Amino acid sequence: MQAKLNIGVLTGRLPYPNGLGGTQRIRLMARAMAEAGAAVNVWVDGLDGSTEARNFQVAGEKDGIPFEYLLGKTQASPLKWRRILDRFVMAWVTRRRLAGAAQGQSLDGLYFYTSDSTPDFERLVVRNQARRHRFPVIIDLREAPWALKSKRTPVEKMVSPLWGADGVICISHFLKNWVEEENQRTGRNVRLIEVPILVDANEIKPATAPPAGKIVLFAGSPLYDETLRFLVAAMELVWQRHADCHLVITGGSTEATLGLAAKGRSGKVRHAGFVERSALLGEYAAASVLAVPLFDDVRSHARFPTKLGEYLASGRPVVTNWVGEIPRYLKDGVCACVTAPGDVAAFAEAICRLLDHQTSAHAIGQRGRQVAEQHFHYANYGAKICELFCSCLRADSPTLIEDRKSSIPGRRAATGQSLSGRTHARVLSGKSFYE
């Protein structure tokens, strides 16, 4: 009988299991670890917004993995004072949950999806419990960290974005290099691996034929108004050659920004807003072109848009820009259309070429699907993530380390109970925390 690596997942203020890109990454990370042999529990410390409801179960299973809303509800209150109170209550409940799991010997490590861009007091709660109960914390670095801001608060200047972390999962090579530099600057030895955007290639069925109409799709976010304005400017040029083409926006793009950017084009632009998962996959299948505008800035160099993996997996052609991770995975005219960042005319021309040549566009989309299967399918990374947890654990007994590794397929099997049940006298390797 193999020993199990017990991993807790803390969603870092995001709802679960239904949500946007961050929620999907958490879900696929949990699945990857579970399918690699770990026992995974998801603790949800986020809530749906007060005006949106996508999650209704306070506890249950998703993909065979148990989850629980720590606050006992799934939706935030419309009252500001109650939302503030809930944050403090959530911190207290999170502290109790982590302590209980550790004392119950069912927590070997924590995957913590915390904020990259600003310090969150929840880190202090997690850090204190990890230090007291001696379990490693792995954070997922997906965006440019606050240390790279041009203007930082006094707290952001004092505290490293790696504070409270024993290991880091980096979504891009840019962030991997930054962590290595931060390790040198702080004298720490935070272990790291690189895990790119993730997608379930089996969930998304690739398109088998060119689409019936002409639709450009952008799965948006309320954070990326600049992206929306760029895309509408490009579509103005597209409409000069393809007046029958429509732009579809999903996600949280604000009506105000969309109305300002697409003024006078209401008949050509459809704002679908937040849509259910199955409906979103249907939007992918109906699209002619899937757009991911990126810019030559730190944010675009650091991040790796989660939606890109889903776009590619859909088998529809993608138009994006030569920024960050894109040149590592995509080749212009082969598995996507890639243009210089900030060039509206070039972006529009790439869309027009795909609309003009549907057979070639379909072939590009199919090759993009192959990229998604080869590089971004979540199951390719489960053992690697579990190995990171193992490397962050150091115990007095060398046998314990081997037993922990045995929970990963391909490792030597260990006998008996879970890893936590073997011993509770482990220590964290290296310096546990910064400053």
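Rule-based calculations on the coordinates, nothing more; no lab input. What you are looking at is a predicted structure, and each value in this text was computed from that prediction instead of being measured. No Cβ is skipped: glycine too gets one built from the backbone with ideal geometry, and neighbour counts run over all protein chains shown.
Structure above, values below:
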{"read-out": "Computed label-point distance, nm, for sites residue 276 and residue 240 using a 7 Å Cα→Cβ extension", "value": "4.2 nm"}
{"read-out": "Net lengthening on full extension, residue 128/residue 56 (0.36 nm per residue, minus Cα-Cα)", "value": "22.8 nm"}
{"read-out": "Aspartates and glutamates whose Cα lies under 16 Å from that of residue 176, excluding same-chain neighbours fewer than 8 positions away", "value": "116, 140, 143, 166, 194, 325"}
{"read-out": "Alpha carbon centroid spacing (whole Å) that separates the stretch 111-158 from the stretch 306-384", "value": "32 Å"}
{"read-out": "Backbone HN-Hα couplings from phi across the stretch 353-370 [Karplus 6.51/-1.76/1.60, Hz, Gly and Pro as x]", "value": "4, 5, 5, 6, 10, 5, 5, 5, 4, 5, 5, 4, x, 5, 6, x, 4, 4"}
{"read-out": "HN-Hα J in Hz across the stretch 294-310 - Karplus 6.51, -1.76, 1.60, θ = phi - 60°, x for Gly and Pro", "value": "10, 10, 7, 9, 4, 4, 6, 5, 7, 7, 9, x, 4, 4, 4, x, 5"}
{"read-out": "On Cα atoms only, tilt of 382-392 relative to the major axis of the chain in degrees", "value": "40 degrees"}
{"read-out": "P(r) histogram, all alpha-carbon pairs of the chain included - 10 Å bins from 0, percent", "value": "4, 21, 30, 25, 15, 5, 1, 0"}
{"read-out": "Tilt relative to the chain, helix 225-241 - C-alpha long axis, 0 to 90 degrees, to 10", "value": "30 degrees"}
{"read-out": "Measure of compaction for the stretch 215-376 (Cα Rg per 2.2 N^0.38 Å)", "value": "0.94"}
{"read-out": "Dipole of the stretch 1-79 [Lys/Arg +1, Asp/Glu -1 at C-beta], most positive-end residue of 41, 69, 56", "value": "41"}
{"read-out": "R0 of 22 Å, Cβ-Cβ distance residue 296-residue 118: FRET efficiency to nearest 0.05", "value": "0.40"}
{"read-out": "Residues with amide H under 5 Å from that of residue 192, placed H, sequence gap 5 or more", "value": "168"}
{"read-out": "Listed residue pairs exceeding 28 Å between alpha carbons, taken from 214/307; 205/384; 214/331; 307/384; 62/205", "value": "none"}
{"read-out": "Cβ charges +1 (Lys, Arg) and -1 (Asp, Glu), total dipole of the chain, debye", "value": "980 debye"}
{"read-out": "By average C-beta atoms within 10 angstrom, highest first, the peptides 277-285, 28-36", "value": "28-36, 277-285"}
{"read-out": "Theoretical ellipticity at 222 nm over the chain - DSSP helices of four or more residues, -39500 (n - 2.57) apiece, nearest 500", "value": "-12000 deg cm²/dmol"}
{"read-out": "Estimated distance in nm for a label pair at residue 340 and residue 370, the labels positioned 7 Å out from Cα along Cα-to-Cβ", "value": "3.0 nm"}
{"read-out": "Helix 122-133 axis, angle to the chain major axis (alpha carbon atoms, nearest 10°)", "value": "30 degrees"}
{"read-out": "Nonlocal amide H pairs with residue 48, under 5 Å, H built at 1.01 Å", "value": "75, 76"}
{"read-out": "Residue 339 long-range amide H proximity, modeled H, under 5 Å", "value": "320, 321, 322"}
{"read-out": "Whole-Hz couplings from phi, Karplus 6.51/-1.76/1.60, listed for the stretch 135-152; x for Gly and Pro", "value": "10, x, 10, 10, 9, 10, 9, 10, 10, 4, x, 4, 5, 9, 5, 6, 10, 10"}
